[in-house]
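Engineer: Okay, here's the structure, questions in a sec.
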Amino acid sequence: MRVHIDELQEGCILAEDVFSKTSRPIVGKQTVLTKELIDVLKAFVVKEAEVEKTLVTGMPFIPVTVIQEKEKDADKDTDKEELNFVDLFLRAKKSFEKEFFSWQSGLPVDISAIRSLLLPLMDMLEKDSSNIFRLHHFSTNDDYLFHHSLAVGILSGYIARKMNYSKGDTIQVGLAGSLADCGMAKVSSRLLNKRTTLSVEDYEEIKKHPTYSYQMVRNSPLLKDSAKIAIIQHHERLNGSGYPFGEKDARIHAFSKIIAVADAYHAMTSDRTFKSRLSPFRVLEIINEDHFGEFDICAVKALNSALLNYTTGSIVRLSDGQEAEILFVEEKSPARPLVKLSETNTILSLEKNRHLFIEDIIYQAGH
């Protein structure tokens, strides 16, 4: 929705780049606005901005003018309003947060409630995989746990579908992904809210969460045994370096291997208390190269396949701030396509220029 600059709030998410008398945007799309950024827009005499219908908190964004219009037309029906992926995700995250607090208070996991949050998002992601590369913009330190759980669920479902799993198994993998960290509700709130470095003892307690998660869902008839195993094994690694059991290779369930990739990918692309987020393209490189031998190759390739949808004509922002147009994406290194720099028309192979990488997508051709 397009709103006047005076109606912007902290937590608003830009739906489009904001320009003034500049060739590059003052603030890029999908940026979460702070008071300081709103002041910057006002300093550049920006009059209006296009923002998402949902705040980063998951609450609807309702400008004053919209409220006034609703008061004039009380019969106006907004319930049937069609939400885009970002709005749907943020509102689902708000609902997931309520579920998590209920688990902390001792209530059982309502699998059907999680399923109702997850399936519409999985359907949208299947239709447009570019949404994968929007998820990392909206995670904050305060709501990371809820954001992460929901994102891992839909990413796990996406990977399973790309690996030609049946519809039923895809849903089970997605549910297992979203519930893999439900056991964090049984971890001390002191640790969940801690803003200083975790001690060895703290980390050992955190590492118990897969077991807690399994205990919370093991009696549910709505989850297959394979999904329950995936939940307790989602931090296992093929080389035996994972936890809680240090399982290797064939002893790790196929569902677990999928969730492991989704979990690691989303964690590295998110802002966390002690680690800043990395570009999705950079993270996929790290998983492929630095963590080779830890993750299932087929699951990694399935996630990589989302990059191949970035067709000729898509515009990206590089790590040095330059904008470039994608000319060709090679299957063996989809994170490093051939690009043309927008300002100089120089053609550049990111495969040969390893100091550069894609930081963000500005425009996807065909959308």
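Engineer: Compute the convex hull volume of the Cα atoms of the chain, divide it by the residue count, and report the result per residue in Å³ as a whole number.
Structural biologist: So the per-residue Cα hull volume is 158 Å³.
Engineer: Here is a follow-up. Keeping the other protein chains in place, figure out the carbon and sulfur percent of the accessible area of the chain, with a 1.4 Å probe.
Structural biologist: Exposed carbon and sulfur together represent 51 percent of the surface.
Engineer: Another question, if that's okay. Not counting ligands, DNA or RNA, and with a 1.4 Å probe, what is Glu247's accessible surface area in Å² rounded to the nearest 10?
Structural biologist: Around 30 Å² of this residue is reachable by solvent.
Engineer: Rounded to the nearest 20 Debye, what is the dipole magnitude of segment 105-208 about its Cα centre when Lys and Arg each give +1 and Asp and Glu each give -1 at the C-beta?
Structural biologist: 120
Engineer: For the chain, what does the accessible surface come to per residue with a 1.4 Å probe? Please give it in Å².
Structural biologist: Ligands and nucleic acids excluded, the figure is 48 Å² per residue.
Engineer: If you don't mind, another one. Suppose only helical runs count, i.e. DSSP H with n ≥ 4. What mean residue ellipticity at 222 nm does that imply for the chain under -39500 (n - 2.57) per run, divided by all residues and rounded to the nearest 500 deg cm²/dmol?
Structural biologist: Only helices count here, giving -12500 deg cm²/dmol.
Engineer: Suppose R0 equals 45 Å. What FRET efficiency, 1/(1 + (r/R0)^6) with r the Cβ-Cβ distance, do Asp110 and Asn353 give to the nearest 0.05?
Structural biologist: Working from the Cβ atoms, E equals 0.35.
Engineer: With a sphere of radius 15 Å drawn around the Cβ of Glu330, what net charge do the other residues whose Cβ falls strictly inside it have (Lys, Arg +1; Asp, Glu -1)?
Structural biologist: +2
Engineer: May I ask for the net charge around Val173, where only other residues with Cβ less than 14 Å from the Cβ of Val173 are counted and Lys, Arg are +1 while Asp, Glu are -1?
Structural biologist: Net local charge, Val173 excluded: +2.
Engineer: If you take the square roots of the eigenvalues of the alpha-carbon gyration tensor of segment 270-360 and sort them as a ≥ b ≥ c, do you get rounded (a/c under 1.5), prolate (a/b over b/c) or oblate?
Structural biologist: Because a/c hits 1.5 or more and a/b fails to exceed b/c, segment 270-360 counts as oblate.
Engineer: Here's a follow-up. Please report the net charge: other residues with Cβ closer than 14 Å to the Cβ of Gln215, K and R +1, D and E -1.
Structural biologist: Net of charged neighbours comes to +3.
Engineer: With a/c under 1.5 counting as rounded, go ahead and sort segment 83-170 into rounded, prolate or oblate using the C-alpha gyration tensor (a ≥ b ≥ c being the square roots of the eigenvalues; past the cut-off, prolate if a/b is larger than b/c, else oblate).
Structural biologist: oblate
The values are calculated or read from the model by the stated rules, or taken from the named source; none is laboratory data. Keep in mind it's a predicted model, so treat the numbers as computed, not measured. Virtual Cβ from ideal backbone geometry, glycine too; neighbours counted across all protein chains shown. Quick note on the areas: whole protein, heavy atoms, side chains included, nothing else; ligands and nucleic acids left out. Shrake-Rupley method; radii C 1.70, N 1.55, O 1.52, S 1.80 Å.
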